[in-house]
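Participant: Okay, handing you the structure first.
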Amino acid sequence: MNNGNTGLTSFENLPMQGSSKGTDFEEIVVGVNESAMSISEMANSIGSSLDSAANIANMYKECVLAEERTKQMQVWGQVEIAKTVAKFKTAQDFMEKTFGERDKALSKHYDLLDDAIKSNDRDMILAALHGISSIVTKSPLDDFEKFVELYNDTSQPLLDF
């Protein structure tokens, strides 16, 4: 029943057992308050549990994203290592061939010089010395510097791995 002033239900007409009406009413109010507190605590606990579940879901999502980024970085690292190895092998091959060709050319000119000296052919001696001189005065590293410039130029599609 409604108490007109407060909007609260009146417990005066409830059947009372035991001692006086006031003591029973107080016990009921205390029980209702305890139940309300218990329900409130459960609601807070459920809300806290839902927040925890949402946090766990967000953490899982971040872990999945981090794992994907890790995989991407591993693939990128493998690609970069492959590029570096390819560049090294290309540069190594260039140097070996450049110096190998230089060695062969010098050997041929020295053989020619030996033959010219044996035959005492002045023109052949001068030609052999001129050939040796042209090879020795030109540094193969000059070509290597040009090679490196072209190699590092990403607009050169044949050299870009």
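Participant: Return the ratio Rg/(2.2 N^0.38 Å) for region 105-159, where Rg is computed over Cα atoms only.
Facilitator: On the way: Rg = 17.6 Å, N = 55, 2.2 N^0.38 = 10.1 Å.
Relative to the rule-of-thumb radius for its length, region 105-159 sits at 1.75.
Participant: Can you return the lysines within cross-link range of Lys89? Criterion is Cα-Cα under 20 Å, with same-chain partners fewer than 8 residues away left out.
Facilitator: Lys97, Lys146
Participant: Follow-up question, since we're still on this one. Could you work out the local net charge near Ile81, counting Lys and Arg as +1, Asp and Glu as -1, over the other residues with Cβ closer than 13 Å to its Cβ? Show your work: numbers first, answer last.
Facilitator: Values: positive: Lys83, Lys87, Lys89; negative: Glu80.
Neighbour charge sum, excluding Ile81 itself: +2.
Participant: Please compute the net charge surrounding Asp114, taking Lys and Arg as +1 and Asp and Glu as -1 over other residues with Cβ under 12 Å from its Cβ. It would help to have the intermediate numbers written out before the result.
Facilitator: Working: positive: Lys108, Lys118; negative: Asp111, Asp115, Asp121.
Net of charged neighbours comes to -1.
No lab work stands behind these numbers, since they all come straight from the coordinates. All values derive from a computational prediction rather than experimental measurement. Glycine gets a Cβ as well: all are built from the backbone with ideal geometry, and neighbour counts include every protein chain shown.
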